[in-house]
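Just below is one structure, and these are the notes that go with it.
Please treat every number below as a calculation from the coordinates, not as lab data. All of these numbers come straight from a predicted model, not from anything done at the bench. Every residue, glycine among them, receives a Cβ derived from its backbone with ideal geometry; neighbour counts consider all protein chains shown.
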């Protein structure tokens, strides 16, 4: 699963629309849509804002982010 897919699943689980989450984290909804589709880069600031909205999902969000952004050790 990708970070974007995980974010979308979490957002829908909490019954937030793209615009609803965008308003909560003070970003444009099109950027969040691009993150969910994997076409926009993810910053630490972005993740921190999302975790403020979904603190119970911190571990899951960080895990998916690290899986995508840490080089493979093999």
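Extension gain, residue 2 to residue 15: 0.36 nm times the residue separation minus the Cα-Cα distance gives 2.7 nm.
Put simply, the C-alpha atoms of the chain give a gyration tensor, and the ellipsoid matching it has half-axes of 20, 13, 11 Å, longest first.
A Förster radius of 25 Å, combined with the Cβ-Cβ distance separating residue 33 from residue 67, puts the computed FRET efficiency at roughly 0.75. Each Cα pair under 8 Å and six or more residues apart adds its separation to the average, and for the chain the resulting relative contact order is 38 percent.
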